[in-house]
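The values are calculated or read from the model by the stated rules, or taken from the named source; none is laboratory data. In this text, all values refer to a predicted model and were calculated from it rather than measured experimentally. In this analysis, Cβ positions are derived from the backbone assuming ideal geometry, glycine residues included, and neighbour counts consider all displayed protein chains. Accessible surface areas use protein heavy atoms only, side chains included; no ligands, DNA or RNA. Shrake-Rupley method; radii C 1.70, N 1.55, O 1.52, S 1.80 Å.
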Amino acid sequence: MDWYMMNCELLATCSALGYLEGDVYHREPDCLESVKDLIRYLRHEDESRDVRQQLGAAQILQNDLLPILVQYPQDKVLFDAIVRLMVNLTQPALLCFGKVPVDAASRHHFLQVLSYLQAYKEAFASEKVFVVLSEKLYDLLQLDWEQRQEEDTLLIERILLLLRNVLHVPPDPTEEQGVDGDASVHDRVLWALHISGMDDLLKFLASAQVEQQWALHVLEIISLMFRDQNPEELAALGQGPAGAEHGEDTRELETLRQRELAEKRARALQRPSRHSRFGGSYVLQGLKSIGDRDVVFHKGLHNLKSYSHDLGKEPQRVPRRRQAAPESEPSRRSARNVRLFLRHFCQDFLEGCYNRLMLLVKDQLVREKAQQHDETYYLWATAFFMAFNRRRGFRPELVSETVSVRAFHFIEQNLTKYYEMALMDKKEATTWARRMHLALKAYQELLRTVQEMDRCPEQAVRDSSQVIKSNIFYLMEYRELFLTLFRKFDETKQPRSFLRDLVETAHLFLRMLERFCRGRASLVVQSKRVRRKKKPRAPTAVAPPPPSTAELEELWAGLAPQLQACLEGEVPLPEDVVPFDAASETPVEEQRAEALLRIQGCLRRSQVPQALRLLRSARDVWPEGDVFGAADAGPPEETRLLREILVAPLPQNAPPEPEEPEDEEEEDEEEEEQTVQVSEKEFNFLDYLKRFACAPVVRALVLLLRGYARNSPRTNHCAARLLHRLARDLRMEPLLFQLSLFALFHRLLSDPAAGAHQELVALAKFILGKFFALAATNKKAFVELLFWKNPTAVCEMTKGYSSLQEGEGAPRSRVPPWTPQEEQELRELYWKYKEVEGEDVIAAILAHLPAPGRTRRQVVKQLVRMGLASSARDFPRERKGTRIVLWTQEQEEELTRLFEEFQGSDDVLGNILKHLTARRSRARVVEKLLGLGLVSERKELYKKRRRKSHGHGPGTAAAGVQAVPAQDSSAEDEDSEEEEDEEDEMEEGPMEENWAPEEGAGQGLAQRLHQEGLAGPLRWLENCLRRAAGDREEDGVSHPVPLVPLAEENEDAMEDRRFQSLLRQLGLRPPASEQESFWRIPAALTPQQLRRAAASVAHHGPDPSGSPRDLPEPPQCPQDPGPAEELPAELGSDSESEEPVPVPVPSPVQSGTKRRWELDSEDEDGGSSGPGLAPAAPCSEEDEEDEDPQPRGRRKRIRCLEEDEEEEEES
């Protein structure tokens, strides 16, 4: 549709407004009615906003409305109507369409409306318009509250809304392409606003006692006024000589000039001394081309460094969902006179309005009197004006309203809310990320203000700063905030500016926390731990027990008189009683038993007439067999029949049971309740810093440093200082051994302008030196460059990839090697059973292999290694219960015979499974036993274990017999048949919680696991048992406690079959159903039993894992710098003067038996991989208990296997 072709009604209405002749506008008599008609048309426009677009195309606001407003301000009714119409026409496009449209047609309408709004804004850049508006607003504000009418209040609000709408219009990037210092349309509007005196009226509205209702309107207008301004640059305006204002521009130009000169010198060195037309052709040995030959290079040698296989290729298009989030509107430098006016406005606003206005706005936000998301203006004002006050001669009394613990709490609450909404509301994640950025900048400015208060000469201000810091450092929410933001940073949703502010704020928080801890012997902070308690659900209805014979006789004695009356006809019998259901799928003959049950139920409920009618009706339906009496039965016969039915032990119909998993016991269902337990602990700064030693933090810092040339010097300093803390303070240099970071170092060191980034250059040289020193002893360090690492991987890189032998650094294998004799025997057995049909080759080989016992996986791997098989797929494992579905008559008879034979044994089901000819799963056998009627419930098939009394010997059994699943106490190899064992464990019932472990149970197995590298998980298990014992003694109540492994090595240990066998020996219960994920400490275990179990797990010999309890002095890491390779002093310190802090050398904890890394893949989605938080330095038991890291997300992982063949098979 051509919007320049107006609707005839709109055209007639606009023509009736008047006409412009020169600078004079002549209005028509119907001007007021025409304005009201236009307002009515706008109220009924369609989704494409057709009326708005036609009025914008006709330039009604520029040619008619503004001239009427300027020339006829005395006509109050017309003035009010014109303002109403302009407020409607200038409302933001987002309010008109709700959101930015996605489809092409609606987006075209959106952009068209936006272009008309930009034209309106340019028309408002007129002093005449703002003079009229400011004079009208001044007259209205002069009226007292008693004299002000409702129309006056509405007009004040409409003028403020009109001002808000005009300032809200975004700039047109195609039209406004001027350099900094030029006057843009927004600057011209601000200057007209200033000339008219509207800024003074805004300050009056912000400070007046009687004008509190306009607080949010004023704050929104002020935020739009300073939209393009930088508070620090605005505060520095006019300070010092005039040339100082251009100091930053001069430094930037000098940096660019130095870069250009360095590039020229590099090009001059590359040119040969004598020009040659023959560039030459060279062969690059070792660099393959498309074929098998080396690359032939047809250019000069000076161009060799720029050679790449990617030359001439089109760059791959990045999908929209993986593109980096766009930056917000960049700040620009306005004209100098505009900036001077804004600086004076900020000074006056801080001195007379800021504290009062922020108090009113905060009160409206807390009382929920504001509109949705209005708190963003509060967050912006906090960050902007506090930064201005900090740079403009810091005066804490001017911003006292927002410098408090309450302000920190308010901002932290909003920041957490935005973070959670960004995770849940995926479609609006970008919008939530922008709000989160505002909250982060406000939080950063609060920290800077508190830091500035420490330098204030007044003692009262410094004391206030100490109080604020002690409060925010005490609470765990403030300490965990930055870790959470780092781990969930997503570059597709959050711009680089957010990452820049996050790094700077985290650096500032760490520096303030370090200095706060430095002057104190100990610091006690709050710690929160989530405890899960089980709440029993309401018990299900249980059928009442059958009445005894005496009760039935007593009941019959009471029913006899009533029955006699019914037989004599004194009591009428009901007529609507039917003994069977004709619509039921059950045949009529089979409903006879149900009729007997109904008669018995009526008698036991004392409903004699219904029982007698049912008896007679059933006799007519089922006359055969005289079950309900003969056809000519009299009253004595009916009395006898009813008495027999009453006392007969008829089988009651059991209520239908809900379907449950086959391996779940019939016990009361329980649901978990989460309770937060608050405690206090002593704070250790290095332990807190270890929380930052994870892949997401390092990845975010590397991402920020990729643009080091565009970053400010402070941003590069903060990022380098954080990396320095991780690498040097924690002695975790291998944490930074990553290929993408090394590529960044290569680009930095080859940059001609690297002299401007001396701190980054020093860090790069330090890390590269450490890497090559480690690579001399660990050849796998080059492969490690491909993976992001955690503290466990760092420890393994420096100390070895498996359990260390005594006095040696080489890893040892837990699998015994194959001798030549064993290989020959394996080869003979393989050729012997290879051609046997219908038999599992590996099972036959395992049956004839001598000791030491081998597992199926070990045999398959050895066969592949010997070349007898191509891969493990040649030996598929036969899954249990997949081939045999139906039971033959012979198999049913065999099952019946086996059940009768082992019925009295302790493990009925286990013995049946061992002796069955055809292998069946445990669930199939249980189902068949129930179907044959050999057992009535699954509980009868549970394995029985006799509890041992405390006063008898180990062979004496207690009187009570408890039904518990089998416990495997043998320490099998982790490479055993895991699939079959996992299936058996899923089919077994959960362990009874009233079973008590023996004293000293599992001690031998715990020692073996300790020797094989599971010292860390065993200490964690011991701490959990002792903590559970203490909690039960303190609370006096016992609940099942889940074992939640937070560290990666503990998680790996919980998957180890030998570790699970140890848990069973200690009396711990595995997950009982699919709804449970963790092992649990049963509620029946007393604190004394838990302490005995913890003592069984505790290690009594020398600790092979290097525990700090046995080593008075930790060993020196091989990558620790010597005297000649200390890091430069300027890298290890902040921009302010700091004293060096002695850093103890941590002792890495021995890693678990398995190994996981995150892949360094740019295709990784989300960047929220959960790092393993096993620290490189051992922490105390209290720290290990209280640490509550964020849950790990899903990651790409790769196992470090011992044989390369296994990796090829799995790939």
* Asked: Tell me, what is the 1.4 Å probe accessible area of Asp292, in Å² to the nearest 10?
  -> 140
* Ignoring ligands and nucleic acids, what accessible area does Ser196 show with a 1.4 Å probe (Å², nearest 10)? -> 20
* To do: Would you kindly find the accessible area of His1010, with a 1.4 Å probe and non-protein molecules such as ligands, DNA and RNA excluded, rounding to the nearest 10 Å²?
  => 10
* Which percent of the accessible area of segment 89-153 is formed by carbon and sulfur heavy atoms (probe 1.4 angstrom)? -> 52
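Apply 1/(1 + (r/R0)^6) to the Cβ-Cβ distance of Glu890 and Glu937, taking R0 = 22 Å, and write down the FRET efficiency to the nearest 0.05.
With a Förster radius of 22 Å, E is 0.25.
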* Cα→Cβ-extended label distance, 7 Å offset, between Asp463 and Asp23, nm -> 6.5
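In terms of solvent-accessible area of protein heavy atoms at a 1.4 angstrom probe, what is the ranking of Ile290, Ile845, highest value first? Walk me through the intermediate numbers first.
On the way: Ile290 175, Ile845 0 Å².
Descending accessible area places them as Ile290, Ile845.
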* Asked: Just going by the charge dipole of segment 429-494, with Lys and Arg at +1 and Asp and Glu at -1 on Cβ, which of Met436, Val461, Thr449 is farthest out on the positive end?
  -> Met436
* To do: Please calculate how many Å² of accessible area segment 34-135 carries per residue, with a 1.4 Å probe and no DNA, RNA or ligand atoms counted.
  => 43
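Counting only heavy atoms of the protein chains, get the accessible area per residue of segment 467-519 (1.4 Å probe) and round it to a whole Å² value.
Numbers: 1410 Å² over 53 residues.
On a per-residue basis, segment 467-519 sits at 27 Å².
Starting from 0.36 nm per residue, how many nanometres of slack lie between Phe772 and Glu1055 once their C-alpha separation is accounted for? Kindly include the intermediate steps, with their values, before the conclusion.
Working: separation 283, 0.36 × 283 = 101.88 nm, distance 3.58 nm.
Between Phe772 and Glu1055, full extension yields 98.3 nm more.
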